[in-house]
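To keep things clear, I will list the structure first and then write my remarks on it.
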Amino acid sequence: MSHAFIGIDHVQIAAPAGAEPRARAFFADLLGMTEILKPVSLRGRGGLWFQCGAQQLHVGIEVNFSPAKKAHPAIRVQNLSQLRLRLQQANIEVTGDDSLPGAKRFYVNDPFGNRLEFLELK
């Protein structure tokens, strides 16, 4: 039997040691993602997991952390304009981009400098 790709289970981004409180404040409190309790066997590694639609976003701790400036998750959103407003009200810099046909999108940096894309299909 041949294999088949079903989809993406999760995307992991990195953060520096001790970043969990700031990650929780950004991803859960500001963006509104639900935090998922990590399995006991993985908790000692630090980091946090969040539900993001049908997928998960994992924030992993990296000892020699360097933010991802180009590579990024693209997160589909319903009511993108409301998210943009919420981020701007929290003084998060939002960079618009209208170069993708059929989509509205923008970019932000998380508290650690990782690039995140948010988009809504037209």
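Side notes on the structure shown:
- Residue within region 38-58 that is in contact (Cβ under 8 Å) with a residue 40 or more places away in the chain and either farther than 11 Å from Val11 by Cα or touching a helix residue (DSSP H, G or I) at 6+ places or on another chain (Cβ under 8 Å) (or both) present: yes
- Answer residue from region 67-122, given it is assigned to a strand (DSSP E or B) and among the β-branched types (Val, Ile, Thr) and is surrounded by the fewest Cβ atoms within 10 Å (Cβ to Cβ) among those: Thr95
- The set of residues in region 11-44 that are polar (S, T, N, Q) and either part of a loop (DSSP other than H, G, I, E, B) or over 18 Å from Val63 (Cβ atoms) (or both) comprises Thr34, Ser41.
- Options Lys104, Lys70: the member that is free of Cβ contacts under 8 Å to residues at least 60 places away in the same chain and either of a type in the set (Asp, Glu) or over 24 Å from Ala15 (Cα atoms) (or both): Lys104
- Residues (under 20 Å from Ala90 (Cα atoms), touching a Leu at 6+ places or on another chain (Cβ under 9 Å) and not hydrophobic (A, V, I, L, M, F, W, C)) located in region 3-27: Glu20, Arg24
Quick note: the coordinates plus some simple rules give every number you see, no bench work behind them. Here the structure is a predicted model, which is why all the values come from computation and not from measurement. No Cβ is skipped: glycine too gets one built from the backbone with ideal geometry, and neighbour counts run over all protein chains shown.
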